[in-house]
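Inspection log for the structure reproduced underneath, given as structure tokens.
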Amino acid sequence: MSRLQKSYFLQHDVLALTRNLLGKYVFTLKEGQLAGGIISEVEAYKGTADRASHAYGGRRTRRNEMMYHEGGVAYVYLCYGMHHLLNFVTNEEDIPDAVLIRGIIPTHGEELMLRRTGKGRMSRDMGSGPGKVSKLLGLTVADNGCPLTGDMIWIEDRGLQIPDDQIAVTPRIGVGYAGEDALLPYRFLIKTGNIFPKSASTR
């Protein structure tokens, strides 16, 4: 297994990077407590020409400024005033590409995740949805700008390969305001949990 380095996030093709993130592990370590899981659903947001992006038309605000940062940092924002959403900023500085992490399959930190969510038991769909992802990982807007290659948030490649026939490609969710861009096939997700080895089971 190996941690993804900063160079990984500086790739210019955000769509290829987004798809490649499926099967990678994302971890957080907060107050000495580890939580993490397999990235199972992602969406790409492609620069200033993407009507679904916060940076469409070159918009720069206090909220989205982190999108213009050099790749390799977290962009965490508040949605509907209640859900903290985790994005990975990619590409070079001033090119606001990003990947929304929409789902993970929990693999590490079971008791911690149960406390964070108030659930009685773990399940593979517990991390299905971007708001759930941040809750499981303990992330809030206070973590906006955190490096993705540090000791608080990091991503690992553990050699888990997702076959092409197990990857669904669809339009993004909840971006109807983006007109034709709402139909772009920028969402990638793993179709089934049955492909995972026993080592990927929750524990």
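The values are calculated or read from the model by the stated rules, or taken from the named source; none is laboratory data. Computed from a prediction, not measured in an experiment: that's the story for all the values here. As a convention, Cβ positions derive from the backbone with ideal geometry for all residues, glycine included, and neighbour counts pool all protein chains shown. For the accessible areas, the whole protein counts, side chains as well, though only heavy atoms, and no ligand, DNA or RNA atoms are used. Shrake-Rupley method; radii C 1.70, N 1.55, O 1.52, S 1.80 Å.
Quick look at the numbers
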read-out: By average C-beta atoms within 10 angstrom, highest first, the peptides 53-59, 42-48, 178-184, 28-34; value: 42-48, 53-59, 178-184, 28-34
read-out: Cα convex hull of the range 12-65, projected area averaged across orientations, nm²; value: 5.3
read-out: Cβ-placed point charges (K, R +1; D, E -1), dipole of the range 1-127 about Cα centre in debye, nearest 20; value: 400
read-out: Accessible area expressed per residue, the range 1-110, with surrounding protein chains retained (probe 1.4 Å, Å²); value: 42
read-out: Ordering of 122-128, 93-99, 76-82 by burial proxy (mean other Cβ atoms within 10 Å per residue, highest first); value: 93-99, 122-128, 76-82
read-out: With every protein chain in place, the range 7-123: carbon and sulfur % of accessible area (1.4 Å); value: 48
read-out: Expected 222 nm ellipticity per residue - DSSP helices of 4 or more, -39500 (n - 2.57), all of the chain, to 500; value: -3500 deg cm²/dmol
read-out: Greater than 26 Å apart at Cα, pairs in K24/K135; K46/K132; K6/K119; K30/K191; value: K6/K119; K30/K191
read-out: Solution diffusion estimate, µm²/s, Stokes-Einstein, the range 51-104, Kirkwood Rh from C-alpha pairs, 4 °C, viscosity 1.567 mPa s; value: 114
read-out: Charge dipole magnitude, Cβ of K and R +1, D and E -1 - the range 1-54, Cα centre, debye nearest 20; value: 140
read-out: Surface/4 estimate of mean projected area, convex hull on alpha-carbon atoms of the range 85-132, nm²; value: 3.9
read-out: Whole-angstrom Cα spans of the range 24-158 along principal axes, big to small; value: 45, 29, 24
